[in-house]
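**Q** Sharing a structure with you now.
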Amino acid sequence: MSIIKGKTPLLQCVLAHALNHTQILVLAALLPLFQDHYALSYLETEGIIALYLFCYAISNPAAGLLIKKFSKTFLVFSGKIVSGFSMAAMAIVSGYPLLLFVQIPFGAAGGLYHPLGTSILAESYDKKIRGRIMGYHGFGSSMGMILGPLGVGYFILNYDYKGALFFFAVLSVMVGVLFYGTVKESPMKPAGVLKRDTRWVIIAFALRESVFWGVKAFLPLYAVAVYGFSLSSAAALLALLPVIGLPANLLGGYLGDRFNRLRTAKAAVTMTGVSLLAFYVITDALSFHFLVLVTALWIYMSLPLFDSLVADTSPGKGYVEAYGVMYGLGFFLGAAVTLGTGFLSDAVDPRGSFILLAGIMFMCLFALMRAEMKDF
């Protein structure tokens, strides 16, 4: 394992993080198109991104094992290369089974970045500014989430969805090469056993992350079915959330450094749950748009806080292992929640999915309350 030396790796990590979320959101934005093209149910449609997230989840903790054999930079590079080829393959394959199959390498390759990139930043910067550094890192993810849906919308309106897949495939390879060529490493100490507070923060983050991806997968489908959005408008809707996420990530990181990180995280999680409950009540499109933006503000604010809290409490320099477990569990639950919203929408009522999502956020709050950190 290693600590980054020489030039600070913030820019490279921001770019790689942005692309990671661009790829995920390209897939999410294409779900309504896949649903229409293959005549899929909600559950079958959600199954596409659920399989991606399951594979993504498995590769997160696997990164902790792989760094014993390979450098972090090489693993990030390899993940970007495989992700690029997987996106190109999605543009070529025909049929629902093959589309599902491609999600296996696509998800597994994408899942390598989070524990590696986040640990590189945790190792490279002082704890006093860690919240702001994670906020900049989250800023990159928000940029990716904007570019993904907007890119899909542009190609659908002017060309076709295959153009978007090929474009982002090439971009993935380019970012991978840049990362491998500019980020340097040297040996560091191995990890220890995760502390009690770290375990509770990981559980809370996993619940938060499951809601985050549940919302991402469900909102475009809900907007098309309930409010009559077009496919391009549904893609643009996904871009609305990270627009608010840009300042929200920076604000969350700043407040975490300025005040108590744990209390700030509790407030953001609580307000996210309240916002999700409000979706069940409203019926007009204007209120729907407003709640999308409010929910985005609170849920994005919490990301740099969780990233910082895990690094603050991790033993030694075992960030890759801690982040691997955290993101792996989060994406695993995210896959399960996307299936849950699909099942509820088919069997009961699409609005009931917001009750499920809000309930999970309040479980996240409970997990944070179990942590007893005093200094963060």
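**Q** Among Leu25, Leu51, Leu40, Leu30, which is the only one that is in contact with a Pro (Cβ under 6 Å, 6 or more places away or on another chain) and touching a residue at least 40 places away in the same chain (Cβ under 8 Å)?
**A** Exactly one residue qualifies, and that residue is Leu25.
**Q** Now, a different point. Among the listed residues Ile299, Ile244, which satisfies the condition of being of a type in the set (Val, Ile, Thr), modelled with pLDDT of 85 or more and in contact with a Gly (Cβ under 9 Å, 6 or more places away or on another chain)?
**A** Ile299
**Q** Still on this structure, I have one more. Just one of (1) within 27 Å of Phe155 (Cβ to Cβ); (2) in a helix (DSSP H, G or I) trips up Ser94, so point out which.
**A** Failing condition for Ser94: (2).
**Q** Let me ask another. For residues that are touching a residue at least 12 places away in the same chain (Cβ under 8 Å) and either among the hydrophobic types (A, V, I, L, M, F, W, C) or in contact with a strand residue (DSSP E or B) (Cβ under 9 Å, 6 or more places away or on another chain) (or both), tally how many sit in region 100-125.
**A** Start the filter on region 100-125 by keeping residues that are touching a residue at least 12 places away in the same chain (Cβ under 8 Å), which leaves 100, 102-125.
Subset that is either among the hydrophobic types (A, V, I, L, M, F, W, C) or in contact with a strand residue (DSSP E or B) (Cβ under 9 Å, 6 or more places away or on another chain) (or both): 100, 102, 104, 106, 108-109, 112, 116, 120-124.
The total comes to 13.
**Q** Looking at region 223-245 only, could you name the residues that are crowded, with 19+ Cβ neighbours inside 10 Å and of a type outside the set (Gly, Ala, Ser)?
**A** Val224, Phe229, Leu231, Leu237, Leu238, Leu241, Pro242, Ile244
**Q** List pairs: first in region 148-173 and touching a residue at least 24 places away in the same chain (Cβ under 8 Å) and surrounded by fewer than 17 Cβ atoms within 10 Å (Cβ to Cβ), second of a type in the set (S, T, N, Q) and part of a helix (DSSP H, G or I), Cβ under 6 Å, 6+ apart or cross-chain?
**A** Hits for this filter: Leu157/Ser232.
Matching residues to (1) more than 14 Å from the chain's Cα centre (by Cα); (2) within 19 Å of Gly324 (Cα to Cα); (3) surrounded by fewer than 23 Cβ atoms within 10 Å (Cβ to Cβ):
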residue	(1), (2), (3)
Ile48	yes, no, no
Ser78	yes, yes, yes
Val93	yes, no, yes
Leu112	no, yes, no
Ala122	yes, yes, no
Arg132	yes, no, yes
Gly144	no, no, no
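**Q** Here's something else I'd like to know. Quick one: count up the residues across region 233-274 that are over 19 Å from the mean Cα position of the chain (by Cα), more than 18 Å from Val294 (Cα to Cα) and among the small types (Gly, Ala, Ser).
**A** 2
**Q** Output the number of the condition that Leu19 fails; it satisfies all remaining conditions of (1) within 22 Å of Gly214 (Cα to Cα); (2) at pLDDT below 85.
**A** (2)
**Q** Of Val201, Val215, Val211, Val269, which residue is hydrophobic (A, V, I, L, M, F, W, C), touching a residue at least 12 places away in the same chain (Cβ under 8 Å), crowded, with 24+ Cβ neighbours inside 10 Å and touching a Cys at 6+ places or on another chain (Cβ under 6 Å)?
**A** Values: Val201 fails: touching a Cys at 6+ places or on another chain (Cβ under 6 Å); Val215 fails: touching a Cys at 6+ places or on another chain (Cβ under 6 Å); Val211 fails: touching a Cys at 6+ places or on another chain (Cβ under 6 Å).
Answer to the check: Val269.
**Q** I need the full set of residues from region 214-241 which are modelled with pLDDT under 80 and farther than 17 Å from Gln35 by Cβ, in order please.
**A** Scanning region 214-241 gives Ala236, Ala239, Leu240, Leu241.
**Q** Mind telling me which of the residues Ser124, Ser210, Ser172, Ser119 ends up being modelled with pLDDT of 90 or more, under 25 Å from Pro242 (Cβ atoms) and among the polar types (S, T, N, Q)?
**A** Ser172
**Q** Before we move on, is Ala28 buried (at least 21 other Cβ atoms within 10 Å of the Cβ) and closer than 24 Å to Asp349 by Cβ?
**A** Against the criterion (buried (at least 21 other Cβ atoms within 10 Å of the Cβ) and closer than 24 Å to Asp349 by Cβ), Ala28 qualifies.
The values are calculated or read from the model by the stated rules, or taken from the named source; none is laboratory data. Not measured: the values here are computed from a predicted model. Note that we place each Cβ from the backbone using ideal geometry, even for glycine, and neighbour counts take in every protein chain shown.
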